[in-house]
Amino acid sequence: MKKWVIALLLVAVWGVVLAQAQDSEPQELSFRGFLDEDEPFIDYEVAFDEGQAVLLVAEATSGDLDTVLELESPSGDLLFSNDDRSAYSRDSVIGFLSDAAGIYTVRVSRFPFHDNSGNFRLTITIGGLEVLQPLDDLTRYRLSGDEEMIESEHFVVYYTTRGSDAATEEYARAVSTTFEEVWYIQLEEMRWPQPPMDSLTGGDGRYDVFLGDLINDQRNALGVTVPRVRVGDNPNSPLLETRAATSYIVIENDFAEAPDDDVITLMRSTIAHEFHHAIQLGYDYRDEHRWYYEATAVYMETATLIKEQDAAAFVSYNFDYPELCFGTEVTDPGVGILIYGDWLFIQSLVDTYGEEVVQKLWQNIALYDGFAALEETLARYSDDVPTALTRYRLQNLVRDYDLAESFDATVFLEDIIDDTGRWTFNGAGIQELSANYFELDVRAGDYEVSLARESADLELWVIMITDDVAISIPLGQEGVVEVGDQDYTYLMVFNPTYDDDINDCTYEEYVINVERVNDAPTSEGALTWDATYFEPLNLRR
């Protein structure tokens with residue numbers, strides 16, 4: 001099935017000039033290199049004086065190389081990073097004002113999430129503020145014909161009626177109207193902070209939107225949000241952020257190639273998704289856990305427009321791979337699609353703690369990196385990451401979600417246990433914060449279910465479903481399950497271990513022992529779920 005992507009381009013950012021640059025004759029340095037799987041990056045050490053303006057440009061000169069630029073301070077801290085300099089280019093650019101003299105490290109690398117290689121040219125221009133003048137041309141989205149504008153209170157929509165990006169005025173006005181509607185819902189009703197606007201860097205204070213032929217130009221993208229200028233703090237929020245950034249959005253110009261006949265509905269859900277990326281960039285433009293961005297943006301489609309959403313389309317793929325570590329992109333066969341389906345985890349948090357938990361999470365993303373932001377958020381509710389992910393994996397099995405009727409999928413069933421003895425996985429095991437599911441299809445009676453000692457880090461749960469009610473009971477390493485007149489009985493093996501490197505995941509192997517017992521006390525401590533939308537699990541074809 002073809003996947004249509006609504007995305008955030010991380011990270012196309014240059015540093016905003018906050019002080020007067022030195023007056024000096026521009027100096028240009030040029031380097032060349034080759035990157036592939038065997039040599040994925042090259043570092044260059046360059047001396048900058050305090051107050052110098054610096055423009056770094058990495059350009060691919062052969063092959064299909066997708067460059068990434070990073071700049072480290074003399075103390076080794078990452079100052080800026082840039083993947084794609086604009087929504088139509090895979091080259092990279094960073095512009096900044098040096099606030100301290102010293103030896104800086106410039107790294108040119110290849111984008112890690114797809115195969116690419118080739119030659120590149122790195123150009124470093126050092127001097128006064130004039131060296132930063134090309135930034136607008138390098139980072140602005142360029143349409144295929146003369147620009148026309150639809151202006152509204154908070155947005156300027158740029159479009160053209162010529163070339164590959166051609167759009168109609170009627171469609172451009174519908175886009176403009178939808179952006180204003182989404183602004184009102186997400187900012188005025190939901191009380192999210194306004195994203196940083198380009199008035200901070202010389203613009204007119206309204207948000208820029210472009211209509212372009214993304215489906216053909218951006219690997220089936222429907223919309224992209226491009227971080228542009230790192231401003232540090234977002235003055236529109238009560239927090240003191242350090243990695244807030246301005247941005248612009250590009251929306252597909254006509255959706256002519258999209259599979260959905262309802263172009264307006266698809267356009268509206270894309271706008272709800274992309275505008276929340278703009279809000280997110282007001283908190284932090286470059287947390288390495290990209291799942292935060294996509295999972296929240298997909299969830300916000302459902303929260304903003306209710307039925308006009310594309311979120312359900314990502315569930316089937318997500319449910320097919322419950323054994324992969326949570327938040328991963330590298331081990332995902334779809335190379336990044338799983339994190340869109342992780343919107344259900346955000347929904348699970350909302351179902352447990354209310355809508356305010358999402359803003360609390362993003363406030364912590366502004367302050368903490370990786371899982372620390374989620375840990376800090378959950379701690380406010382006396383909760384933790386393994387417990388929240390266990391709840392999420394159980395909720396997925398039962399399909400206890402308001403939109404579950406439209407999912408057209410269940411989590412993948414690992415195997416059917418139909419007798420006593422030793423049972424194990426059919427694949428490779430389970431990775432961090434992931435799960436396998438087994439149906440327990442044995443005759444009525446009491447059964448001791450246990451994990452072998454080599455599975456010491458893993459946990460067992462039993463889920464019993466009768467009519468529209470599901471009960472889940474923690475077994476830990478072992479417990480007794482009473483199989484009786486329930487409609488379905490399942491076992492879940494869960495891996496509660498995790499670390500911040502979500503793209504270096506490890507499979508844990510396990511063995512389940514099932515034995516018939518008599519007069520043994522059954523395990524207690526249940527969670528109850530609404531099983532109205534439950535459907536029996538199916539083995540992977």
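The values are calculated or read from the model by the stated rules, or taken from the named source; none is laboratory data. Everything quoted here is computed from the prediction, not taken from an experiment. Neighbour counts run over all protein chains shown; Cβ positions are idealised from the backbone, glycine included.
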Completion exercise
Residue hits (the stretch 91-116; within 22 Å of the chain's Cα centre (by Cα) and either in the same structural domain as Leu211 (by TED's automatic domain parsing) or surrounded by fewer than 18 Cβ atoms within 10 Å (Cβ to Cβ) (or both)) are Phe111, Pro112, Phe113, His114, Asp115
Problem - Unique residue being at pLDDT below 95, closer than 24 Å to Leu324 by Cα, surrounded by 14 or more Cβ atoms within 10 Å (Cβ to Cβ) and touching a strand residue (DSSP E or B) at 6+ places or on another chain (Cβ under 8 Å) when the list is Ser434, Ser455 - result: Ser455
Problem - Hits in the stretch 228-248 - residues which are aliphatic (A, V, I, L, M), assigned to a loop (DSSP other than H, G, I, E, B) and buried (at least 16 other Cβ atoms within 10 Å of the Cβ) - result: Leu239
Handout entry: Hey, Ser455 assigned by TED's automatic domain parsing to the domain that holds Ile502, among the hydroxyl-bearing types (Ser, Thr, Tyr) and more than 27 Å from the chain's Cα centre (by Cα) or not
Key = yes
Practice task
Only residues in the stretch 461-472 that are surrounded by fewer than 16 Cβ atoms within 10 Å (Cβ to Cβ) count as the first member; pair them with residues that are of a type in the set (D, E, K, R) and not in a strand (DSSP E or B), Cβ under 9 angstrom, at least 6 apart or cross-chain, and list the lot.
Solution key: Thr466/Asp485; Thr466/Asp487; Asp467/Asp487
Handout entry: Selection within the stretch 413-449 - farther than 15 Å from Asn495 by Cβ and outside any strand (DSSP E or B)
Key = Asp418, Asp419, Thr420, Asn426, Asp441, Val442, Arg443, Ala444
Completion exercise
Turns out the strands (runs of 3 or more DSSP E) fully within the stretch 450-541 with at least 1 residues that are among the polar types (S, T, N, Q) are 459-466, 469-476, 488-494, 511-517, 527-530
Problem - Out of Tyr392, Tyr381, Tyr368, Tyr401, sole residue that is within 17 Å of Pro322 (Cβ to Cβ) and in a loop (DSSP other than H, G, I, E, B) - result: Tyr401
Handout entry: Neighbours by Cβ (under 6 Å, 6+ apart or cross-chain): first from the stretch 166-182, over 16 Å from Phe255 (Cα atoms); second among the small types (Gly, Ala, Ser) and in a helix (DSSP H, G or I)
Key = Val182/Ala272
Handout entry: Which numbered condition Asp198 fails, given (1) buried (at least 18 other Cβ atoms within 10 Å of the Cβ); (2) over 20 Å from Glu153 (Cβ atoms)
Key = (2)
Completion exercise
Here the residues within the stretch 445-497 that are touching a helix residue (DSSP H, G or I) at 6+ places or on another chain (Cβ under 6 Å) and more than 13 Å from Leu397 (Cβ to Cβ) are Pro496
